[in-house]
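Novice: The structure's right below; bear with me while I get my questions together.
The values are calculated or read from the model by the stated rules, or taken from the named source; none is laboratory data. Here the structure is a predicted model, which is why all the values come from computation and not from measurement. As a convention, Cβ positions derive from the backbone with ideal geometry for all residues, glycine included, and neighbour counts pool all protein chains shown.
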Amino acid sequence: MSDYRSVPVVDSVQDRRSAVTQPGSRMARRQAAAAPPPPPDDRPPRGHRSEGGSGGQTKMRVLAWVSIGLTTVMVAGALTAYTTYRDAFGNINQKSVKEDIINPRPPETGALNVLLVGSDTRAGQGNAKYGQQLARQADAGGKRTDTIILMHISPNRDKARLISFPRDSMVQIPRCKNEATKQEMAPRRDMINSAYNAGGIACTISTIETLTGIRVNHFVEVDFSGFKNIVDALGGIEICLRTAVDDKASKLVLPAGKSLLNGEKALGYVRLRKYGDGSDIQRIKRQQIFLSKVVSKATSSELLTDVGRLRDFVAAAAGSVTMDPELANDTEQLIQIAMSARAMTANGVKFTTVPWGPDPQDPNRVVWKEPDATELFTSIKTDTEVTTPEPSASASTKPKEKIKPEQVRVQVLNGTKTVGKAREVADELAKQGFNVVGVGNYEAPGGVSLAKSEIHYTKTVETAADHAITLGGSVLPKPQAASGKVPGTNVQPYASTATNATAAGATKGAPVIQLLVGEDFESVKVTKLPDSVNNSTITASEQKNVCT
């Protein structure tokens with residue numbers, strides 16, 4: 001991941017040496033991590049980092065980001081071969097952490113959410129040669145995850161979105177157990193990757209679940225040593241460069257245009273710094289495009305039909321990861337994922353970075369942009385429905401036209417005692433394209449709060465029930481629908497900048513559907529994401545011929 005910082009370029013050896021021990025450097029964090037972390041107020045200040053101090057950090061972040069992305073192929077692609085090459089999966093390292101998760105957990109939704117983390121530990125065969133020289137000699141300093149990615153696979157298992165959390169995000173870390181001592185640590189505001197340093201994967205899971213409200217079903221950890229083997233097992237990855245590269249720092253020499261990178265050259269490519277405008281954002285884009293090509297190649301028939309290459313790839317991927325035993329040992333679930341992975345082509349894979357901005361308290365850190373980040377998380381939480389193919393119409397039967405949200409006129413009535421609830425729900429509906437025409441209150445019999453949300457529609461309009469079905473499909477939990485309108489109180493017109501500008505004309509004469517908001521209301525399904533999310537998202541299938 002990127003620092004999201006602008007830093008001066010420092011090339012001298014002396015600058016690089018002096019930067020190693022500056023406050024906030026990776027070396028300082030490793031040395032401090034040998035003991036339980038001090039209270040936040042006692043931590044040393046973290047200043048701007050020179051390129052000399054961040055070079056090793058950036059390299060490790062890049063390797064972690066790419067390695068963890070490659071792990072998604074094993075979870076969502078290589079498992080296709082599980083029934084044939086199940087012996088290879090005996091090499092998966094296992095770690096049970098569910099007993100160390102001490103916070104309430106979000107509910108299951110039917111989707112599959114796998115937390116992917118890249119550990120920068122130097123322990124383990126092949127890891128010690130990465131990073132700065134002092135870091136290579138000091139693995140006792142601990143570990144961090146410089147990469148946190150949540151892979152969301154839809155309930156139909158036909159689409160995937162990989163959400164990357166900036167490592168410098170300042171967030172509220174919940175109470176967690178210290179991974180080594182098992183002592184409970186108090187909640188605190190800190191960088192998101194600090195959860196892994198002291199609390200391990202269990203604390204990282206709790207942090208993501210607490211911040212997003214998304215249930216993490218499984219986790220996969222990966223270190224750096226398997227990166228080259230995985231790339232080589234795929235037969236290399238083809239990239240395209242706008243200009244030639246001759247970079248001594250990354251030991252990479254490539255011509256302009258297309259090149260097929262083996263594992264060694266891929267390492268140089270993903271840690272390449274002095275290229276293009278040299279910005280962190282451009283480097284992230286290159287990394288995402290690289291991963292897109294990995295996903296495309298791993299799900300191609302070229303690999304899946306080559307028995308030898310597929311065996312090597314499965315073995316390389318399986319031997320490079322650690323996962324929870326619930327996933328590693330659940331043959332039925334692995335096969336289920338394997339079978340569904342056949343339907344998941346590169347067309348259905350998206351890479352998204354959580355929308356962010358500079359932290360007002362520290363420009364070297366970032367905070368998530370709201371409400372955009374919450375809308376992104378809500379889209380994951382509300383992706384709960386398993387769709388079934390509609391029966392094809394016969395030659396004599398005209399298929400029924402599906403009602404779109406912008407064709408539905410909605411009156412939102414608050415049946416709870418929460419002031420402003422109708423307006424809140426109306427805003428959510430408007431963002432998703434519904435034509436909200438009014439807000440008000442509903443008095444349930446006996447003056448009590450309405451327990452469950454309801455939908456009411458007029459009896460006199462033939463298509464009203466179809467409009468009610470569209471509305472009901474966008475509300476969680478799905479309300480019961482009934483014909484016959486109910487009286488509202490204090491009903492007022494609704495206007496919002498989020499409302500579709502053409503909705504009024506498109507819905508002229510359409511029936512008004514009433515949504516009575518009850519205490520059980522959770523959210524409106526999010527299918528239309530903010531521009532900031534869409535602008536930070538790339539689709540794997542669109543990166544085939546992209547040159548960076």
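Novice: Sort out which residues of segment 242-272 are closer than 20 Å to Val294 by Cα and of a type in the set (Val, Ile, Thr), and write them in order of number.
Specialist: Passing the criteria: only Val270.
Novice: Could you tell me which residue of segment 289-343 is modelled with the lowest pLDDT, considering only residues that are among the charged types (D, E, K, R) and outside any helix (DSSP H, G or I)?
Specialist: Arg342
Novice: Before we move on, is Ala180 among the aliphatic types (A, V, I, L, M), within 23 Å of Asp324 (Cβ to Cβ) and modelled with pLDDT under 90?
Specialist: Considered against the rule, which asks whether it is among the aliphatic types (A, V, I, L, M), within 23 Å of Asp324 (Cβ to Cβ) and modelled with pLDDT under 90, Ala180 comes out as yes.
Novice: Is there any pair linking a residue in segment 426-446 that is touching a residue at least 24 places away in the same chain (Cβ under 8 Å) to one that is surrounded by fewer than 20 Cβ atoms within 10 Å (Cβ to Cβ) and part of a helix (DSSP H, G or I), with Cβ under 7 Å and at least six apart or on different chains, and which?
Specialist: Gly433/Glu406; Asn435/Glu406; Asn435/Ala504; Val439/Arg423
Novice: Please name all residue pairs, on different chains or six or more residues apart, with Cβ atoms under 8 Å, provided the first residue is in segment 301-326 and is touching a residue at least 60 places away in the same chain (Cβ under 8 Å) and the second residue is crowded, with 23+ Cβ neighbours inside 10 Å and of a type in the set (D, E, K, R).
Specialist: Matching pairs, first to second residue: Ser320/Asp223; Val321/Glu221; Thr322/Glu221; Met323/Glu221.
Novice: Ala540 is checked against (1) modelled with pLDDT of 90 or more; (2) in contact with a strand residue (DSSP E or B) (Cβ under 6 Å, 6 or more places away or on another chain); (3) buried (at least 21 other Cβ atoms within 10 Å of the Cβ) and fails just one. What number does that condition carry?
Specialist: Every condition holds for Ala540 apart from (1).
Novice: Among the residues of segment 264-288, write down those that are closer than 16 Å to Leu234 by Cβ and either within 26 Å of the chain's Cα centre (by Cα) or part of a loop (DSSP other than H, G, I, E, B) (or both).
Specialist: Ala266, Leu267, Tyr269, Val270
Novice: Looking at segment 419-449 only, could you name the residues that are closer than 30 Å to Asp372 by Cα and in contact with an Asp or Glu (Cβ under 8 Å, 6 or more places away or on another chain)?
Specialist: Within segment 419-449, Lys431, Gly433, Phe434, Asn435 qualify.
Novice: Of the residues in segment 506-521, how many are assigned to a loop (DSSP other than H, G, I, E, B) and either within 13 Å of Val437 (Cβ to Cβ) or at pLDDT below 95 (or both)?
Specialist: 5
Novice: Now, a different point. Within the group Ala468, Ala503, which residue is modelled with pLDDT of 90 or more and either surrounded by 20 or more Cβ atoms within 10 Å (Cβ to Cβ) or not assigned by TED's automatic domain parsing to the domain that holds Arg161 (or both)?
Specialist: Numbers: Ala503 fails: modelled with pLDDT of 90 or more.
Only one candidate qualifies: Ala468.
Novice: Please go through segment 154-194 and give me each residue that is free of Cβ contacts under 8 Å to residues at least 40 places away in the same chain and crowded, with 24+ Cβ neighbours inside 10 Å, ordered by number.
Specialist: Ile173 - this is the single residue of segment 154-194 that is free of Cβ contacts under 8 Å to residues at least 40 places away in the same chain and crowded, with 24+ Cβ neighbours inside 10 Å.
Novice: Can I ask one more? Out of the residues in segment 233-250 meeting the condition of being surrounded by fewer than 18 Cβ atoms within 10 Å (Cβ to Cβ) and touching a residue at least 60 places away in the same chain (Cβ under 8 Å), tell me which one is nearest to Glu184 (Cα to Cα).
Specialist: Here the answer is Ala249.
Novice: I'd like the full set of residues that are hydrophobic (A, V, I, L, M, F, W, C) and under 21 Å from Lys95 (Cβ atoms), limited to segment 168-195.
Specialist: Ile173, Cys176, Ala180, Met185, Ile192, Ala195
Yes/no matrix, rows are residues, columns are (1) modelled with pLDDT under 95; (2) assigned to a helix (DSSP H, G or I):
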position	(1), (2)
Phe377	no, yes
Ala395	yes, no
Pro399	yes, no
Leu413	no, no
Leu429	no, yes
Val437	no, no
Gly440	no, no
Gly446	yes, yes
Lys452	no, no
